[in-house]
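Trainee: Structure provided below as structure tokens; questions to follow.
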């Protein structure tokens, strides 16, 4: 019988305990607790589109489109408006316009914000 001798020896090295330079993919663009609280206070806990009690915080620029988890990219929304924001192009554009005019205070021609 042939016997294979190892040419080198493996020594286990402990994994370094340093912090990541960039957040994990799942955490990128997520709102921190502090940012979430700021958004809720700014919007007074109400849906910015219909005025109902907020249930969720919506990324105006989607995380999948590299939307940041910053205060100017988040708005309080009720569940119904959140569903519409993700299913209807017109509602998504309303939120983008709201972000530009209200949150970023950019000059954008005549204001045509309809509910």
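What follows is calculated from the coordinates using simple rules that are stated; it is not laboratory data. A quick note: this is a predicted structure, and the numbers were derived from the prediction, not measured. Please note: Cβ atoms are built from the backbone with ideal geometry, for glycine as well, and neighbour counts cover all protein chains shown.
Trainee: Round to the nearest 0.05 the FRET efficiency obtained for residue 66 and residue 8 when R0 = 35 Å and r is the Cβ-Cβ distance.
Mentor: 0.20
Trainee: Output needed: percent of Cα pairs per 5 Å distance bin for region 29-103, bins running from 0 to the one holding the longest distance.
Mentor: It works out to 4, 18, 29, 31, 16, 3, 0, in whole percents.
Trainee: Determine, from the Cβ-Cβ distance of residue 53 and residue 17 and an R0 of 30 Å, the FRET efficiency 1/(1 + (r/R0)^6), rounded to the nearest 0.05.
Mentor: On the way: r = 43 Å, r/R0 = 1.43.
E between residue 53 and residue 17, to the nearest 0.05, is 0.10.
Trainee: Further question on the same structure: Could you tell me whether region 1-51 comes out rounded, prolate or oblate from its Cα gyration tensor? Rule is a ≥ b ≥ c as square roots of the eigenvalues, rounded for a/c under 1.5, then prolate if a/b exceeds b/c, otherwise oblate. List each step's numbers first, then the result.
Mentor: Values: a/c = 8.21, a/b = 4.14, b/c = 1.98.
Here region 1-51 falls in the prolate category.
Trainee: Please list, by residue number, everything in region 57-74 whose backbone N is under 16 Å from a paramagnetic label point 7 Å out along Cα→Cβ of residue 34.
Mentor: Only 69-72 fall inside the zone, counting backbone N under 16 Å.
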